[in-house]
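I have placed the structure first, in the form of structure tokens, so that the comments after it can refer back to it.
The values are calculated or read from the model by the stated rules, or taken from the named source; none is laboratory data. In this text the structure is predicted, and so the values were computed from the model without any measurement. No Cβ is skipped: glycine too gets one built from the backbone with ideal geometry, and neighbour counts run over all protein chains shown. These accessible areas exclude ligands, DNA and RNA; they are computed on the full protein's heavy atoms, side chains included. Shrake-Rupley method; radii C 1.70, N 1.55, O 1.52, S 1.80 Å.
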Amino acid sequence: MNILAELRSRFCIALAKLDGSAEQLADMVLPSQDAKFGDYQANCAMPLGKTLGKPPREIAQQLVALLDVADLCAEPQIAGPGFINLRLRDEFLMAQIQQALVASDLGITPADQPQTFVLDYSSPNVAKPMHVGHIRSTVIGVALDRVLRALGHRVISDNHIGDWGTQFGMIIYGYKHFADQAAIASHLVDELSRLYRLVNQLVDYQETKNRKLPDIEKRIVDEAHCLDRLHDSTELEDPREREEHAKRLQSSENTLAELRKELADMRRKLAAVEGDPQLSPLLADHSAIGAAVLAETAALHAGDATNRSLWERFLPACLESMNEIYRRLGVTFDFTLGESFYEDRLAEVVADLASQGLVTESDGAKCVFLEGVDAPFIVQKSDGAFLYATTDLATIQYRASEWKPQTILYVVDHRQSLHFEQLFATARKWGFDQIRFEHVSFGTVLGEDGRPFKTRSGSAVGLGGLLDEAIERAHAIVSANDDARESPLLSPSERRQIAERVGIGAIKYADLSHNRTSDYVFSYDKMLAMQGNTAAYMQYSYARVRSIFAKGEINAESLRGRVSELGIQHPAERALALALLQLSEALARVSTDFRPNHLTAYLYDLASKYSSFFENCPVLKAETDKLRTSRLLLCDLTARTIGYGLQLLGIEVVERM
Ligand code: ARG
């Protein structure tokens with residue numbers, strides 16, 4: 001049962017009786033932060049007192065009188081100015097635990113209204129090596145996928161890979177000018193990555209030199225003028241104006257300093273390329289590389305035979321290397337319909353938008369203008385090329401007709417916020433106003449220096465190498481811990497397997513345990529720590545519970561035939577039981593705002609409750625057989641809940657470590 005939801009619905013009824021418009025105040029029923037205020041707490045008497053013009057304590061009393069929770073709670077207590085404290089009855093807790101113990105799904109409460117979700121996640125651009133940024137989308141996407149399914153929703157996962165964009169123009173250009181044929185024959189994907197990086201660096205160089213640098217130089221001149229004028233302005237009498245003026249001066253100085261720093265960075269970057277023995281000889285011959293890459297992309301789109309055949313040759317190899325990463329992460333998708341899948345629908349999308357009067361021409365480009373958004377949403381460029389935006393519109397049309405979702409989720413980093421804002425607004429105008437669109441955005445993965453995570457060589461870290469390193473480090477830790485035992489337990493192959501699960505689990509959990517909208521620092525040391533809110537700690541907690549069963553030679557399966565022996569006496573037992581029953585609440589929270597960190601926080605809390613139970617309540621050495629059985633039952637449900645929670649996060653457990 002989702003106890004919180006049940007309590008809220010009871011409050012809803014009582015609130016409605018008191019005031020017809022007060023039902024939504026039931027959301028103010030929350031789990032208590034501190035056990036001394038009971039298990040749940042309701043603060044709705046305060047705002048309601050204000051609306052009704054009565055003392056909140058009086059309202060609280062009236063609410064309690066109307067409230068029907070006797071089957072769940074002891075008599076509600078009113079505290080302070082009008083807090084209502086609720087303590088669940090032990091018999092209720094026990095009955096719920098007994099049900100969860102014998103249920104195959106741990107007694108999870110399904111969603112009231114199951115929906116169809118389309119979940120767009122991972123969606124890397126193939127031909128570029130996948131990097132740490134793709135972890136976040138993939139790992140968050142998997143967790144949402146599993147949690148939503150666990151709640152009974154229909155989920156269609158669709159990996160919207162970028163297999164048709166400029167990056168293919170880049171590798172085609174690279175192939176035509178710089179390919180090492182021997183490497184193409186022996187290590188196709190590595191060679192394509194090299195070509196991609198090379199072309200990208202050259203494009204970036206030209207773009208910086210020809211556009212960004214002059215641009216910033218001009219802004220510096222403008223800002224310097226502005227600052228001069230501020231300095232020149234006459235003495236101000238009014239102290240408020242003086243203060244205002246000083247502020248403006250300061251802000252202009254800051255801007256100027258920032259721009260100068262940017263300029264210096266740019267110059268440094270350009271000088272690095274010019275001093276690079278591999279790159280510098282190429283600069284003169286490839287000065288128009290940006291336009292040339294676009295031309296290669298356009299030729300591919302126009303059906304040019306050479307480019308098309310190169311694309312057909314390169315794509316499977318790129319997909320294969322991408323799939324290798326997915327295998328290692330244990331990820332599968334229902335569909336992988338990349339951008340190329342929508343190729344032949346794009347012209348029609350633009351025509352259809354135009355026929356509905358949504359398209360305006362601006363400098364030859366076809367745009368959708370949206371209320372409240374400054375930038376137009378460009379659906380076709382003046383040279384006739386379609387864009388990311390056009391493909392995304394075609395994708396919505398396809399998904400809507402094929403799967404009829406109520407909701408489409410896009411797990412994509414926050415830098416694409418504007419794109420999605422425009423996309424959703426355009427789609428609504430276009431007629432898809434029944435679908436709920438959500439950009440499940442996330443922040444950047446940072447290095448320990450606080451900048452976007454990079455390897456020493458400066459390229460974004462390759463995902464394969466990142467996983468390898470986490471596994472190697474996990475292996476060292478697992479081995480050291482095992483070696484420290486009087487007689488080591490683990491065989492070399494067992495150590496390997498544990499290291500795989502702990503290493504990969506660490507990366508996933510670190511990502512999931514941070515609020516997805518914040519940036520977070522990627523640190524192997526932190527993510528592999530055995531203490532704190534980490535995968536290793538959760539996996540260890542699981543293994544620790546399971547070791548009791550191994551040590552006592554207890555079959556958990558047959559233990560579940562003795563649920564009637566469950567009893568709850570010690571406060572640590574009770575706290576553990578309550579935590580065990582709150583899984584459904586955590587899952588419901590994840591499905592409300594699509595933040596998997598609600599589930600990691602829940603698991604961490606559960607593991608802490610288990611720890612204090614374990615310290616206070618002997619299990620195998622319990623005083624009576626009945627008590628031993630009862631505690632073993634709590635242990636069993638703890639292990640299964642942690643195991644299941646981790647599984648929903650895409651993380652595997654180990655029986656010992
Ligand atoms: N391929 C894009 C990128 O790597 C992400 C695609 C996200 N999904 C979408 N429907 N736009 O930036």
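Which is under 27 Å from Thr444 (Cβ atoms), buried (at least 16 other Cβ atoms within 10 Å of the Cβ) and aliphatic (A, V, I, L, M), of Leu346, Leu423, Leu418, Leu358?
Leu423
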Exercise. Scan segment 393-415 for residues that are out of contact with any helix residue (DSSP H, G or I) (no Cβ under 9 Å at 6 or more places or on another chain) and either under 17 Å from Phe442 (Cβ atoms) or of a type in the set (S, T, N, Q) (or both) and jot them down.
Key: Ser401, Gln406, Thr407, His414, Arg415
Quiz item: Somewhere in segment 368-378, is a residue within 29 Å of Ala536 (Cα to Cα) and not polar (S, T, N, Q)?
Solution: no
Exercise. Answer with yes or no whether Glu324 is within 23 Å of Arg501 (Cβ to Cβ), open to solvent by 60 Å² or more (accessible area, probe 1.4 Å) and touching a residue at least 40 places away in the same chain (Cβ under 8 Å).
Key: yes
Practice problem: Out of Leu192, Leu148, Leu198, Leu188, report the one residue that is more than 14 Å from the ligand (Cβ to nearest atom), more than 16 Å from Glu438 (Cβ to Cβ) and open to solvent by less than 10 Å² (accessible area, probe 1.4 Å). | Solution: Leu192
Quiz prompt | Some residue of segment 239-258 being aliphatic (A, V, I, L, M), part of a loop (DSSP other than H, G, I, E, B) and out of contact with any strand residue (DSSP E or B) (no Cβ under 8 Å at 6 or more places or on another chain) | solution = no
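I need a count of the residues in segment 485-514 that are part of a loop (DSSP other than H, G, I, E, B) and open to solvent by less than 60 Å² (accessible area, probe 1.4 Å).
2
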Quiz item: Based on what the data block shows, is Val563 touching a Pro at 6+ places or on another chain (Cβ under 6 Å), open to solvent by less than 50 Å² (accessible area, probe 1.4 Å) and part of a helix (DSSP H, G or I)?
Solution: no
Exercise. Would you check if Ser355 is over 30 Å from Asp593 (Cβ atoms), hydroxyl-bearing (Ser, Thr, Tyr) and at pLDDT 95 or above?
Key: yes
Quiz prompt | Neighbours by Cβ (under 6 Å, 6+ apart or cross-chain): first from segment 157-180, under 21 Å from Thr391 (Cβ atoms) and open to solvent by less than 10 Å² (accessible area, probe 1.4 Å); second of a type in the set (D, E, K, R) and more than 12 Å from the ligand (Cβ to nearest atom) | solution = Ser157/Asp145; Ser157/Asp334; Gly169/Glu296; Ile172/Glu296
Quiz item: On the given criteria, is Asn210 of a type in the set (S, T, N, Q) and crowded, with 17+ Cβ neighbours inside 10 Å?
Solution: no
Quiz item: Among the residues of segment 440-447, is any open to solvent by 20 Å² or more (accessible area, probe 1.4 Å), within 30 Å of Ser523 (Cα to Cα) and away from the ligand (no atom under 16 Å from the Cβ)?
Solution: yes
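Yes or no, residue by residue, for (1) at pLDDT 95 or above; (2) within 16 Å of the ligand (Cβ to nearest atom); (3) in a helix (DSSP H, G or I):
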position: Phe92; (1), (2), (3): yes, no, yes
position: Gln99; (1), (2), (3): yes, no, yes
position: Gly107; (1), (2), (3): no, no, no
position: Pro114; (1), (2), (3): yes, no, no
position: Lys128; (1), (2), (3): no, yes, no
position: Thr138; (1), (2), (3): yes, yes, yes
position: Ala143; (1), (2), (3): yes, no, yes
position: Ser157; (1), (2), (3): yes, yes, no
Quiz item: If you take the residues in segment 400-411 that are away from the ligand (no atom under 14 Å from the Cβ) and over 21 Å from the mean Cα position of the chain (by Cα), which one is least open to solvent (accessible area, probe 1.4 Å)?
Solution: Trp403
Quiz item: Are any of the residues in segment 18-27 over 37 Å from the mean Cα position of the chain (by Cα), aliphatic (A, V, I, L, M), over 24 Å from Ala575 (Cα atoms) and assigned to a helix (DSSP H, G or I)?
Solution: yes
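For every residue, the table says whether it meets (1) near the ligand (Cβ under 10 Å from one of its atoms); (2) charged (D, E, K, R).
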residue	(1), (2)
Phe377	no, no
Phe386	no, no
Tyr398	no, no
Asp413	yes, yes
Phe424	no, no
Lys429	no, yes
Quiz item: Restricting to segment 259-291, what's the tally of residues that are over 36 Å from the mean Cα position of the chain (by Cα), assigned to a helix (DSSP H, G or I), surrounded by 11 or more Cβ atoms within 10 Å (Cβ to Cβ) and small (Gly, Ala, Ser)?
Solution: 1
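A quick yes/no check of all residues on (1) touching a helix residue (DSSP H, G or I) at 6+ places or on another chain (Cβ under 8 Å); (2) of a type outside the set (Asp, Glu); (3) over 24 Å from Val445 (Cα atoms); (4) modelled with pLDDT of 95 or more:
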{"site": "Leu463", "(1), (2), (3), (4)": "yes, yes, no, no"}
{"site": "Ile471", "(1), (2), (3), (4)": "yes, yes, no, yes"}
{"site": "Leu512", "(1), (2), (3), (4)": "yes, yes, no, yes"}
{"site": "Thr534", "(1), (2), (3), (4)": "yes, yes, no, yes"}
{"site": "Tyr537", "(1), (2), (3), (4)": "yes, yes, no, yes"}
{"site": "Val545", "(1), (2), (3), (4)": "yes, yes, yes, yes"}
{"site": "Arg560", "(1), (2), (3), (4)": "yes, yes, yes, no"}
Practice problem: Would you check which residues across segment 511-525 are closer than 18 Å to Ser122 by Cα, in contact with a strand residue (DSSP E or B) (Cβ under 6 Å, 6 or more places away or on another chain) and among the hydrophobic types (A, V, I, L, M, F, W, C) and list them? | Solution: none
Quiz item: Pairs, please: C-beta under 9 Å, at least 6 apart or cross-chain, first residue closer than 14 Å to Val139 by Cα and in segment 594-615, second open to solvent by 50 Å² or more (accessible area, probe 1.4 Å) and basic (Lys, Arg)?
Solution: Arg595/Arg589; Leu599/Arg589
Practice problem: Report the residue count in segment 299-341 for those that are part of a loop (DSSP other than H, G, I, E, B), more than 23 Å from Ser193 (Cβ to Cβ) and aromatic (Phe, Trp, Tyr). | Solution: 0
Exercise. Could you tell me whether Leu119 is open to solvent by less than 10 Å² (accessible area, probe 1.4 Å) and either within 11 Å of the ligand (Cβ to nearest atom) or in contact with a strand residue (DSSP E or B) (Cβ under 9 Å, 6 or more places away or on another chain) (or both)?
Key: yes
Exercise. Name the residue, out of Glu565, Glu557, that is over 37 Å from the mean Cα position of the chain (by Cα) and of a type outside the set (A, V, I, L, M, F, W, C).
Key: Glu565
Practice problem: Run Lys621 past the list (1) among the basic types (Lys, Arg); (2) in a helix (DSSP H, G or I); (3) exposed (fewer than 14 other Cβ atoms within 10 Å of the Cβ) and report the number of the one that doesn't hold. | Solution: (2)
Quiz item: Can you tell me which residues in segment 566-602 are over 21 Å from Phe92 (Cα atoms), outside any helix (DSSP H, G or I) and open to solvent by 50 Å² or more (accessible area, probe 1.4 Å)?
Solution: Arg595
Practice problem: Quick one: Val69 ticks every box in (1) in a loop (DSSP other than H, G, I, E, B); (2) open to solvent by 80 Å² or more (accessible area, probe 1.4 Å) except a single one, so which number is it? | Solution: (2)
Quiz item: Right, Val654: in contact with a Leu (Cβ under 9 Å, 6 or more places away or on another chain), touching a residue at least 40 places away in the same chain (Cβ under 8 Å) and not in a helix (DSSP H, G or I) or not?
Solution: no
